[in-house]
Amino acid sequence: MEEGPYKYIRDGNGKVSRVIRIGTRKSQLARIQTDSVAAKLKELYPDVHLEIVGMSTTGDKILDTALSKIGEKSLFTKELENALERNEVDLVVHSLKDLPTTLPPGFTIGAVLKRENPHDAVVLHPKNMGKTLDTLPQNSVIGTSSLRRAAQLKKRFPHLEFKDIRGNLNTRLKKLDEKEDFAAIILAAAGLKRMGWDNRISQILGPEDCMYAVGQGALAVEVRARDVDILEMVSVLHDPDTVLRCIAERAFLRHLEGGCSVPVAVHTEVKDSQVRMLYLTGAVYSLDGSDSLKETMQTSITDLNKIPEEVDERVQRVGVTADKIGGPAQDNAEKLGIDLANLLLSKGAKEILTVARQLNDAR
Ligand code: DPM
């Protein structure tokens, strides 16, 4: 058959077409997420041949260490990117919150899908049914390895204790239910929903209790930046509001030099008034939440209908390829993230994050 890096298939009528290979981690959640993107592509392009390729990543192999202690930013993405680079797969589906805010050269986010509920959720030990974080007994132990969750919840619910819990979602739920170590655990509502475990959600945490992580609840499709065919194919999966919210959130974290292992949280909203506005609230915390900075800014994301001048330059800077979404709106969203980061930096965010990082490394 054809020469070259891609894989082809010949059907019964002798027609040759390219096989689109989708890389995924092997955890059940990753498979469910990848299958959902594959199903959408199949619906949009009934003639394409899709193949799903499962891979283990460093993050899946190191199960006993808290994420925030491993320190490698591209924990869950590196092996998948290597496969992309070698043309072994053509696209990779990630939880956006696990994707570093700067991708290595040669890769881009070709689609950000409509966001699920971005909030965190409380999953109770069965014996605590009916309780909330407020009404759990003094010194109840809550499982989370997220510095972001622990920092906010320690401050808000001082009667609770927080301990690390690691492993994929299945492992964590087992650790919760089958032992007496934890009164409850905190997980992203989106992951629970995708696993079909909505019935275990006893409380959704609003922004006053716990703001979410950058990109939480959104799926991203990572592709080779120069693969125009695949980029065109996946671009229809973009959800405009989600893209703009996540561009702002990721610019905020990138500019703070946050990474996935620092207590940084966000909240974004798109509101329609005379003009369409994007609101971004961002915060940084000390490990115990006693010290924090939180601010909100907004920008217009009404498409100003300017001709996008330098598409290539934007793709580089923003890290997302979204040709069909207004260029000026993307620029404003990115600037919003940077402006908010600068505001927090001017108030001492760098110092708070540096201390948090040092204390966490010393744990
Ligand atoms: C990142 C964090 C966690 C994941 C840190 C954070 C949670 C780690 C933990 C960057 N990635 O949120 O502050 O609880 O110990 C992860 C989950 C999902 C994507 C699981 C979860 C599913 C939800 C989604 C792990 N990554 O957060 O409960 O698609 O956003």
Counting sequence-distant residues (5 or more places) and residues on other chains, those with an amide H built under 5 Å from that of Gln216 are none
Surface/4 of the Cα convex hull for the stretch 94-135, nm²: 5.0 nm²
Links exceeding 26 Å between C-alpha atoms in this model, out of Lys97/Lys294; Lys26/Lys154; Lys26/Lys131; Lys193/Lys294; Lys78/Lys347; Lys42/Lys175, come to Lys26/Lys154; Lys26/Lys131; Lys193/Lys294; Lys78/Lys347; Lys42/Lys175
GNM, the chain, Cα, under 10 Å: largest mean-square fluctuation among Arg250, Arg31, Arg86? Arg86
Cut-off under 5 Å, modelled amide H: who pairs with Phe182 long-range: none
Among Lys174, Lys78, Lys40, the residue with the largest mean-square fluctuation in a Gaussian network model of the chain built from Cα contacts under 10 Å is Lys174
Candidates Gly12, Gly106, Gly143: whichever shows maximal mean-square fluctuation once the chain is modelled as a Gaussian network with Cα springs under 10 Å: Gly12
Check which residues have an amide H placed less than 5 Å from Gln203's amide H, if you skip close sequence neighbours. Val122
As a check on your grasp of the helix formula, calculate [θ] at 222 nm for the chain: sum -39500 (n - 2.57) over DSSP H runs of n ≥ 4, divide by the residue count, round to the nearest 500. -10500 deg cm²/dmol
Can you tell me what share of the DSSP beta bridges in the chain is antiparallel? A percent to the nearest 5 is fine. 75 percent
Expressed to two decimals, the chain has a Cα Rg over Rh, using the Kirkwood radius, of 0.98
Taking each pair of distinct Cα atoms in the stretch 77-189 once, what is the resulting Kirkwood hydrodynamic radius in Å? 16.5 Å
State log₁₀ I(q)/I(0) for the stretch 194-344 at q = 0.11, 0.16, 0.18 Å⁻¹ as given by the Debye formula over alpha-carbon point scatterers of equal weight, solvent excluded. -0.47, -0.95, -1.13
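Bear in mind that the values in this text are calculations on the coordinates, not laboratory data. As the structure is a computational prediction, the values presented were derived from the model and not from experiment.
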